[in-house]
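Heads up: the structure comes next, in structure tokens.
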Amino acid sequence: MTLYVSVAYYTETYHGSIPNDKVESMLKEAQEKIDSITYNRIVGIGFDNLTEFQKEKVRDAICTQADYIYEHGYNDENDADISSYNVLDISVNVDRNNKETSASKAHMSERAYDLIKQTGLSCGVL
């Protein structure tokens, strides 16, 4: 897998704070998440064939998402909420779907999600 963002870009241009020994793996995971929400359009088009505007937004989104994954995990494994419980004959269900943003449903940083939306690569239909 060729990374869209180099470790040098992350540390020198973006000024990220992930420890050096974990940066590359976090960038890979972030890129996988970005490829997923863009329906692999970047893979199909080729990163080098994107407009400069799209490249800039994708790079920033990957760096932002890498920071998010480092802090929260790939799918927010540690932030899972209880949505239902049972006690004796009482059952309670909470509908959290209406309260979640699209970014949180995708287990993403709000900023990274917004950056990708600006590229036009995450629409359901092109």
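The values are calculated or read from the model by the stated rules, or taken from the named source; none is laboratory data. Quick caveat, the model's predicted, so the values are computed rather than measured. Don't worry about glycine lacking a Cβ; one is built from the backbone with ideal geometry, like all the others, and counts go over all protein chains shown.
Which pairs have Cβ atoms under 6 Å, sit 6 or more apart or on different chains, and link a residue in the stretch 1-17 that is under 12 Å from I62 (Cβ atoms) to one that is of a type in the set (G, A, S) and in a loop (DSSP other than H, G, I, E, B)? As it stands, the answer is Y10/G16, since those pairs meet every condition given.
All but one of (1) farther than 18 Å from H107 by Cβ; (2) touching a Ser or Thr at 6+ places or on another chain (Cβ under 6 Å) hold for Y68; which doesn't? Only one criterion in (1) farther than 18 Å from H107 by Cβ; (2) touching a Ser or Thr at 6+ places or on another chain (Cβ under 6 Å) is unmet by Y68, namely (1). Per the conditions (1) modelled with pLDDT of 95 or more; (2) over 28 Å from S17 (Cα atoms), the sole criterion not satisfied by L126 is (1). Within the stretch 47-76, the only residue that satisfies the criterion of being closer than 13 Å to E32 by Cβ and in contact with a His (Cβ under 6 Å, 6 or more places away or on another chain) is N75.
Every residue, every condition in (1) under 23 Å from the mean Cα position of the chain (by Cα); (2) modelled with pLDDT under 65; (3) under 30 Å from Y4 (Cβ atoms), yes or no:
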{"residue": "E56", "(1), (2), (3)": "yes, no, yes"}
{"residue": "Y68", "(1), (2), (3)": "yes, no, yes"}
{"residue": "H72", "(1), (2), (3)": "yes, no, yes"}
{"residue": "N78", "(1), (2), (3)": "yes, yes, yes"}
{"residue": "D89", "(1), (2), (3)": "no, no, no"}
{"residue": "R96", "(1), (2), (3)": "yes, yes, no"}
{"residue": "E100", "(1), (2), (3)": "yes, no, yes"}
{"residue": "A103", "(1), (2), (3)": "yes, no, yes"}
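Of everything listed in (1) among the hydroxyl-bearing types (S, T, Y); (2) closer than 19 Å to S109 by Cα; (3) in contact (Cβ under 8 Å) with a residue 12 or more places away in the chain, the single unmet condition for S25 is (3). For the stretch 46-76, the set of residues classified as more than 20 Å from T13 (Cβ to Cβ) and in contact (Cβ under 8 Å) with a residue 40 or more places away in the chain consists of Y74 only.
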